[in-house]
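Here is the structure we will look at.
The values are calculated or read from the model by the stated rules, or taken from the named source; none is laboratory data. This one's a predicted model, so the numbers in the text were calculated from it and none came from an experiment. Note that we place each Cβ from the backbone using ideal geometry, even for glycine, and neighbour counts take in every protein chain shown.
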Amino acid sequence: MPSNSDPYLDLDPDLLSRTLAVSGEKSETAAITMALEEFLASREHQDMLEAFRILEWETSSDPFGDGPQPSEFRWAEEVEE
């Protein structure tokens, strides 16, 4: 794990206190690490959802509810609104 280039960060004391309380961690370092990991996971999840939003499935020809077939796949840009 790379070492922190600036071990003395200027963090808002109230924000740090709230993060420590909400996280349930015993140390500020562990609470900050948890918060950063959750922040990154959330952003990565949002990015993944955004990538799937560009896809649109054509399901009108799905009489049995089996879901879209590969031939029914369309990029969102190809679908006229």
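Here are a few things to note about the model shown:
- Every pair of residues 6+ apart whose Cβ atoms lie under 6 Å, when the first sits in region 24-36 and is closer than 11 Å to LEU9 by Cβ while the second is modelled with pLDDT under 95 and not in a helix (DSSP H, G or I): none
- Flag for THR59 being modelled with pLDDT of 90 or more and not aromatic (Phe, Trp, Tyr): no
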